[in-house]
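Structure first, commentary second.
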Amino acid sequence: MSNRSPYQFMAWVLLLMLPFFGLWYALGNLPAAPAFLLARYALEWGLPDIVDSVSLDQTRMLVVTAFGEHNGALLPAEQAGHQMAFAVDTRLVSYSIPFYAALHFASGVPQSLERFSRGLLILWLLMALGLLSIQLKNLMLGLQDTLFTQASMPLPPPPVIALLYQLNTLIVPTLAPVLAWLWSARDATILTSLRLGRTPAPH
């Protein structure tokens, strides 16, 4: 596989995407589970006065708050008689995994599984940050000023939360797997040939 031309490499990437994306879809919430756990612990620890519980419902991350709404006013859940909840589909961030897997395993990388695991750890961390930024945006829109006045720890200002949301939904899930692949395949023959713009010489 290391002797393939850049065109053959791209063909293999496209071919491997089919089974990897199929497996990613079939596994449901498992690809995002480590990222979900990190995000859940961060929300429950960092916002104990705001977040009542965080759970995973199939592929949806569900954040239940300690507040409800009555006649347009935010009230403690006990007074409102219900709790406001915000859901996000973890697949919004986890699709970076099959994309990364296709790039990685099409490259003929030395110590392939070990390097893939290291890149996967990085993606899980970035996915956790992505889920956090999405839920912070949801909480900001749903709770408005209450989020900032009742939070027990300082939060980024609204423009920063909005920027992080855009970054972690539009850019990171597509750019991060490419960067992780470039790092894991840094000494692979195919990557050298792509940098030099030539076909690897046959052995």
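Assuming R0 = 30 Å, what is the FRET efficiency of VAL160 and GLU114, from their Cβ-Cβ distance, to the nearest 0.05? Efficiency computed from Cβ-Cβ geometry: 0.25. In order along segment 9-18, the Karplus-derived 3J(HN,Hα) couplings, from 6.51 cos²θ - 1.76 cosθ + 1.60 at θ = phi - 60°, round to 4, 5, 5, 5, 4, 4, 5, 6, 4, 4 Hz, and Gly and Pro are given as x.
For GLY68, the residues whose modelled amide H falls within less than 5 Å of its own, excluding neighbours fewer than 5 places apart on the same chain, are LEU75, ALA77, ALA80, MET84.
Site pair ALA11 and ASP145 shows an inter-label distance of 6.4 nm when each label is modelled 7 Å from Cα along Cα→Cβ. Residues whose amide H comes within less than 5 Å of that of SER53, counting only those at least five positions distant or on another chain, are VAL64 (H built at 1.01 Å from N in the peptide plane). The figure for ASP187 is an accessible area of roughly 90 square angstrom, using a 1.4 Å probe on the protein chains alone. With a Förster radius of 30 Å applied to the beta-carbon distance between THR169 and ASN71, the computed FRET efficiency rounds to 0.40. Each label point was placed 7 Å from the Cα along the Cα-to-Cβ direction; for ASP49 and ARG91 their separation is 3.8 nm. Against the longest principal axis of the chain, how steep is helix 33-46, in degrees 0 to 90 to the nearest 10, with axes from Cα atoms? Relative to the chain, helix 33-46 is tipped by roughly 30 degrees. Nonpolar atom fraction for segment 6-196, defined as the carbon and sulfur part of the 1.4 Å probe accessible area, stands at 66 percent. Principal-axis analysis of the Cα atoms of the chain puts helix 112-143 at an angle of about 30° to the longest axis.
Computed 3J(HN,Hα) for segment 167-172, one whole-Hz value per residue from the Karplus formula 6.51 cos²θ - 1.76 cosθ + 1.60 where θ = phi - 60°, is 4, 7, 10, 9, 10, 4, glycine and proline marked x. Couplings 3J(HN,Hα) for segment 56-68, derived from phi with the Karplus relation 6.51 cos²θ - 1.76 cosθ + 1.60 (θ = phi - 60°), are 10, 10, 6, 9, 9, 8, 10, 9, 9, 8, 8, 10, x Hz, where x marks Gly and Pro.
The values are calculated or read from the model by the stated rules, or taken from the named source; none is laboratory data. Everything quoted here is computed from the prediction, not taken from an experiment. All Cβ positions, even for glycine, are placed from backbone atoms using ideal geometry, and neighbour counts span all protein chains on display. Just so you know, the surface numbers come from the protein's heavy atoms only, side chains and all, with ligands and any DNA or RNA stripped out. Shrake-Rupley method; radii C 1.70, N 1.55, O 1.52, S 1.80 Å.
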